[in-house]
Amino acid sequence: MKRSLVVLFLSLLVMEPPAVALPTPDDSLRQLLRTKRRPDTVRVRRLQALAHLLKNTDAVQATQLSLQALQLARALTDSVGQGEALLALGNLYRRQDQPARAYRYAQQARRLYAHRHNSQGEGRAWLELGTLGMVQDNPVEALAAALRGLPKAERAQDLKTQSRLRFVMGTAYYQTGNYAEALPVLQATLRNGRQLADHQLVMSSLSTLGDTYQMLEDWPRARRCYQQALRLSRQQGDQQGEAGFEVSLSDVYSQLGDPVAALAHGKRARQLVRLSDDAFNRSAVALALARAYQLGRQPDSALVLANAALELGQQSGRKSIVRGAARLLAETYADQTDFGPAYRFRTLQMAYDETLSGEDTQRRTGALRYSYELDKKRSQIALLTKTRQLQTQKAGRQRQQFYALLAGLGGVLLLAGLLLRNVYLKQASNRRLKEKNQQIAAQRDHLDQTLNELQAAQAQLVQHEKLASLGELTAGVAHEMQNPLNFINNFSDVSLELIDELTEELNKEHLSAAGRALSTELLTELREDQACINQHGHRAARIVKSMLEHSRASSGQPQETDLNALADDCLHRAYQHWLAAHPGFSAHFTLHLSPHLPQLRVVPQDLCRVLLNLFTNMFYALHEKQQQQGPAFQPEVSLGTQQTATEVGICVRDNGTGMSPAVRSRVFEPFFTTKPTGEGTGLGLSLSYDIVTKGHRGTFRVESQEGEYTEFIIGLPLSLAVGAAPGPSVRATIAA
């Protein structure tokens, strides 16, 4: 069934905002119009801007404002204001279902723009006239207007008006039943509307595409088009458009034999029409509800609504509504075996069928398309003829210039030969000089590389000497501090025991209440002081022990080492040591050890210290998170090795407490620790960083997310290995 509901969206297509700055809210515009009454072009623009803001909510007031703008623009001979006002009035009167007035104002706008040779305005005026033709279900007039306006819009390079005029053409094809020609045109206008962010063109294209798919009985595509357009109209706040799409969905469900859904969408459309006082969609809503009631076997309601739709369609001149209502009345009366009215309405339907899609309409639209294509070809032929004439004249001038140049070409060739000889000799000299420079550069690069290697070796030797000296100094200081610390710790332990014995003896003595309270208070303070001394003494002892461990004598001599075996051994040693102190702890290990790692010349004792320190810190973080989250948390440790293009890497990762950005920036500083007082020395990661970066010329970095994970990545230069081959990154391997 052919319908023209789509044309209601074109009521917003032609009316553009007037040529002013960004639209002002209506309250501000009203205030400006009340306070500044000077009759000038600024007031014309403000009247038009306010009318544009009110066109969707108060069409009557918008019409009055546009009439005032037109009167003032004519008094000022403001042609721009006149054209905008005339187009706006044509748009507004069409929205109020007054096609005669709309046609008159649109024709006035077209003549004004034609007189001023304004191709863009003339194209918009033809678009308005084409829209009026569709509103009146007159596809011949609509197509004729679109074909006359399209060259104007192309000349003005107005892409938006071009797309909308092509949409009018596609809708005219649809109205005449040429669905094969309508589909590609409408699909192209839909793409153009989305590219131009023209929401009204998108809604209109979706609506007519849905109508076309419905006529082709492609119900899923038709419903999908209507639903997309309905969502877009709701986003735009277009109640008139929303009502039209509800009617379209009601028709689809009627065709699918679903009276419940058809009636629901029809009632929703009727509610929107009543809220917005929408005269345009009133007849279409009545027809959609009549179809739903007929499908639901309620013939009385169907007859009442179909007669109302017929009367409204005849009043507004909408032929498709009249044809649809006549067909529904004929079918309903025939079902009731009342063949007299059924025959009368069937005859009326056939008459409108002939008007909308008969042979005469097809012939006239075909003639229009042929005439348009013929004019277009003639314009192209004239342009080609003119181009060829210009090319012929240009060729004659070029021949004369060519003959004039031939005379001097011989002398130029002779001079060019001499110049080429000189250039050849100079290039040969430059090539020899370039070869010499390349040889010198190669020797210089070789010397630079040798110097860099010597400097790196020297820096490594100096660092080893510094580490050895630091170890000796640390060991000496630690040994000297150990005896007084032992003295402090032993005597603090004895003092605590003596305080306990003194407390027991005082409890046995018969003292006065005041004396006993004073004694108890003094003993309590004394116990707290001794406990503090004991706590900090043991903390100092742990620091000294840690310094002694880090200053253990090392051979300092690199050895060929299997990194996979070293890392795996250190992981299990650290885990067994942690289990000895925390029996209830358990963790899951994931190993990604590359089987093709080369043997590296490193100091294995130093690297072992680094790995043991990392694993101990990770087990501590996992234990802390397990204490916070309980048995539901599963500690995980991932260990991986891999060779890259420049280094051999070791990556260690856990899913523990993680680090904040502030902690991550200071994690390698000496004596910096996040552990509670007495549980960490802050030396482990600092010394580990020195061992990797200074002792082995490697890299040591950390990545972490607080509450999620911590990842340490150690990179040892490939120059420590023999025959190393590049491979993927360490981190990528472990992540896999």
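With the calculation restricted to Cα positions, what are the radius of gyration and Dmax of region 138-201 in angstrom?
11.4, 32
Rank these by accessible area, largest first, 1.4 Å probe: K152, K36, K55.
Reading off the accessible areas and sorting them downward yields K36, K152, K55.
Per the Kirkwood formula on distinct C-alpha pairs, the Rh of region 171-260 is how many angstrom?
13.1 Å
Excluding residues on the same chain fewer than 8 positions from K152, give the aspartates and glutamates whose Cα lies under 16 Å from its Cα.
Here the aspartates and glutamates satisfying the reach criterion relative to K152 are E122, E128, E373, D375.
How big is the accessible area of T710 in square angstrom, nearest 10, if you roll a 1.4 angstrom probe over the protein chains?
Counting only protein heavy atoms, T710 exposes about 10 Å² to solvent.
In the neighborhood of V702, defined by Cβ-to-Cβ distances under 10 Å, what is the net charge if each Lys or Arg adds +1 and each Asp or Glu adds -1?
Value of the local net charge: 0.
Taking square-rooted eigenvalues a ≥ b ≥ c of the alpha carbon gyration tensor, is region 95-208 rounded, prolate or oblate, where a/c under 1.5 means rounded and, failing that, a/b exceeding b/c means prolate?
oblate
Among the aspartates and glutamates, which have Cα under 17 Å from the Cα of K436 when same-chain residues fewer than 8 positions away are ignored?
Cα-Cα hits under 17 Å: D445.
Just the ratio, please: alpha-carbon radius of gyration of region 227-284 over 2.2 N^0.38 Å, N its number of residues.
Region 227-284 yields a ratio of 1.05.
So for L579, L165, what's the accessible-area order with a 1.4 Å probe, most first?
L579, L165
Expected output is a single nm value to one decimal: the length gained when fully extending between K694 and L406, i.e. 0.36 nm times separation in residues minus the C-alpha distance. What is it?
Computed gain between K694 and L406 is 96.1 nm.
For region 19-136, just the Cα set please: Rg and Dmax, both in angstrom.
Reported Rg and Dmax, both Å: 13.9, 42.
Using only the Cα atoms, work out Rg/Rh for region 205-258, with Rh taken as the Kirkwood radius, to two decimals.
0.97
How much space per residue, in cubic angstrom, does the convex hull of the C-alpha atoms of region 283-337 take up?
54 Å³
Could you tell me what fraction of 2.2 N^0.38 Å the Cα radius of gyration of region 187-328 comes to, as a two-decimal ratio?
1.02
Rounded to the nearest 10 Å², what accessible area does E246 have for a 1.4 Å probe in the complete protein model?
10 Å²
Grab the Cα-Cα distance for Q393 and S512, subtract it from 0.36 nm times how many residues apart they are, and report the gain in nm with one decimal.
Extra length available between Q393 and S512 comes to 29.4 nm.
For a quick check of understanding: with a 1.4 angstrom probe and all protein chains in place, what accessible area in square angstrom does H592 have, to the nearest ten?
Approximately 60 Å² of H592 is accessible to the 1.4 Å probe.
Determine the order of Y173, Y424 by accessible area, beginning with the largest, at a probe radius of 1.4 Å.
The ranking, largest first, comes out as Y424, Y173.
Whole percent per 5 Å bin, from 0 to the bin with the longest distance: what is P(r) over all C-alpha pairs of region 106-147?
6, 31, 28, 19, 12, 4, 0
If we count every other residue with Cβ under 11 angstrom of T131's Cβ, Lys/Arg +1 and Asp/Glu -1, where does the sum land?
+2
With all distinct Cα pairs included, what does the Kirkwood hydrodynamic radius of region 579-633 come out to in Å, to one decimal, could you say?
When all Cα pairs of region 579-633 are included, the Kirkwood radius is 13.9 Å.
The values are calculated or read from the model by the stated rules, or taken from the named source; none is laboratory data. Note that the structure is predicted; figures quoted are calculated from it, not measured. In this analysis, Cβ positions are derived from the backbone assuming ideal geometry, glycine residues included, and neighbour counts consider all displayed protein chains. Each accessible area value is taken on the protein alone, full model and side chains, heavy atoms only, with ligands, DNA and RNA left out. Shrake-Rupley method; radii C 1.70, N 1.55, O 1.52, S 1.80 Å.
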